[in-house]
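Below is one structure; the comments refer to it alone.
The values are calculated or read from the model by the stated rules, or taken from the named source; none is laboratory data. Only a predicted model underlies this, so the values are computations on that prediction, with no experimental measurement involved. With ideal geometry, Cβ positions are generated from the backbone for all residues, glycine too; neighbour counts draw on all protein chains shown. With ligands, DNA and RNA removed, areas are computed over all heavy atoms of the protein, side chains included. Shrake-Rupley method; radii C 1.70, N 1.55, O 1.52, S 1.80 Å.
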Amino acid sequence: MKRSKFVKLALHWQILIAIGIAVGFGLYFPTQYKCTPETFDDFRLKADEFNSFEITALEQIITDPTQGEAAFLTSVEQYLGKPLVPKQKKQLLKAARHNPPLSWVEWFGILFLKALRMIIVPLIISSIISGIANINTADSLGRISLKTILYYLSSSSFAILVGLIFVNILKPGIGVDINLTQEVENIEFTSGSFFNTLLNIVPDNIFKAFAEQDMLAIIFFSIMFGFFITQIQTKQKELLTNFFNATNDVMMKMTLFIIRFTPLGVFGIVAKTIADNADNLGNMAQGLGMYSLTVIGGLAFHALVVIPLFLYIAGRSNPLKVYRAMRTALLTAFSTSSSAATISVTLQNVQQKCGVSNKISGFTIPLGATVNMDGTALYEGIVALFIAQAYGIDLTIADQAIVLITALLASIGAAGIPMAGLVMTTVVLTAVGLPLEGVGLILSVDKILDMFRTAVNVWSDSCGAVIVAKSEGEHLNV
Ligand code: ASP
């Protein structure tokens, strides 16, 4: 069959073009908010946060389309003559959201993310079980795990050090006006302790863990299952190993099929992000310029200098080749802001393009996407010092050592989903006694920074798989 030139364009180029067009689309069709009588047809059903007087009053308002959530909420509050509470704001924004052109394309992104999430659990289970079952001896399983964990801990610690050095030199927080702190709403900060997270690695009910996509629990169960396959009689062992190898092959084929739609999916996701934040983009560029530059500069240094050094020294690999092999996964991570949603693409690139065996990648990539987050770790360290600088609080070297340790724990505990890193900043801020409201200073730019740090998270996971594979004597393409 003859393929058109467009189809032949490499996938990463297609994704880049999709991102470019999506940015233009989002800027041209920014999301607006408006009240019309119809706004409340649907809204009324869900309006349990409003009393009947407020609903009747709201039904009378007809507002002009307003760009930007804040401006719209202010106009409604003025009309009602009283401030709205956070839950009311959330409902109202949902009901009054108005962007017909975006709704034609938004569903590409929704469907793409659904497809990626759909395959996460079966893919992780089959890749880990078949990977571990093929490792065969407890000794090599122990060795591979040890190397992987050693890489995760050292690369993340270096990332935090890079962040701390950047923030100490550039001092982006000095002179920031803390009166501009945005109210921290709609974010449920974490209260779970690190010890509880450790306990929860062992699930009470594995089916509940599957249903809730509880990654660490699924990974733990799959490692156990894979390991005990190696401990049973040869005949059964072969049967189960073949079964999970075959399932894994099917899952990889499904992944490949879904990956083909990445440009469309990414288009929908990026168009929505830009359209919804169009009013904010100017502010993002100005107000927090120095803070964002510090984070992006630190991330770039870690991704372009530190990790390549790891690759070169510990993995004897060419970083440029690994980068080229991983382009699709990196762009997917960047656009979706989710290392978990990107797992399937990362696995596919690491196996098919870098040539890492399923034995190693099947285990290291899902684990890395859950616990190894260099970008997030680096960001956590910078946030703590930025807030300290903005509030004029001096953090001693001992305090910064606590930041290093808690940022590492926070990055391990953060889930591979959008904005998880922001939620985990509480862990670091609490440890050194910094004001939690300080998070309000960085809220507006977090969506954008999340994209960069997620790409670095996935980059580090991929390089970890390559380094471990090389150290185990595998012959790779990179
Ligand atoms: N979004 C990041 C990830 O999925 C986590 C974070 O928010 O830092 O890797």
Take the residues of region 409-424 that are touching a Gly at 6+ places or on another chain (Cβ under 9 Å) and more than 8 Å from the ligand (Cβ to nearest atom): which is farthest from I343 (Cα to Cα)? A410
Please verify whether region 240-247 includes one or more residues that are in contact with a Pro (Cβ under 9 Å, 6 or more places away or on another chain) and among the hydroxyl-bearing types (S, T, Y). yes
Any pair with Cβ under 7 angstrom, 6 or more apart, that starts in region 6-34 at a residue that is more than 11 Å from D276 (Cα to Cα) and ends at one that is outside any helix (DSSP H, G or I): K34/T63; K34/D64; K34/P65; K34/T66; K34/H98
Filtering region 433-478 down to residues that are free of Cβ contacts under 8 Å to residues at least 60 places away in the same chain and under 22 Å from the mean Cα position of the chain (by Cα) yields D446
One residue is enough: does region 179-194 have a residue meeting the conditions modelled with pLDDT of 90 or more, farther than 30 Å from K89 by Cβ and in a helix (DSSP H, G or I)? no
Which of the residues that make up region 222-249 are within 13 Å of I124 (Cα to Cα) and in contact (Cβ under 8 Å) with a residue 12 or more places away in the chain? S222, I223, F225, G226, F244, N245, T247, N248
Regarding A384, is this residue within 18 Å of G464 (Cβ to Cβ) and either assigned to a helix (DSSP H, G or I) or open to solvent by 10 Å² or more (accessible area, probe 1.4 Å) (or both)? no
Would you check if there is a residue in region 433-451 being within 16 Å of the ligand (Cβ to nearest atom), under 16 Å from G163 (Cβ atoms), charged (D, E, K, R) and surrounded by 18 or more Cβ atoms within 10 Å (Cβ to Cβ)? yes
The number of residues in region 387-408 that are surrounded by fewer than 24 Cβ atoms within 10 Å (Cβ to Cβ) and within 13 Å of the ligand (Cβ to nearest atom) is 0
Please pick out the residue among I144, I110 that is surrounded by 19 or more Cβ atoms within 10 Å (Cβ to Cβ) and hydrophobic (A, V, I, L, M, F, W, C). I144
Show me the helices (runs of 4 or more DSSP H) entirely contained within region 304-381 in which 1 or more residues are within 25 Å of I110 (Cα to Cα) and either within 16 Å of the ligand (Cβ to nearest atom) or open to solvent by 10 Å² or more (accessible area, probe 1.4 Å) (or both). 327-336, 339-348, 358-371
Elements of type helices (runs of 4 or more DSSP H) contained in region 49-138, each with 1 or more residues being of a type in the set (F, W, Y): 52-60, 69-80, 100-135
Working only within region 120-145, note down all residues that are under 25 Å from the mean Cα position of the chain (by Cα), hydrophobic (A, V, I, L, M, F, W, C) and under 23 Å from A469 (Cβ atoms). I120, L123, I124, I125, I128, I129
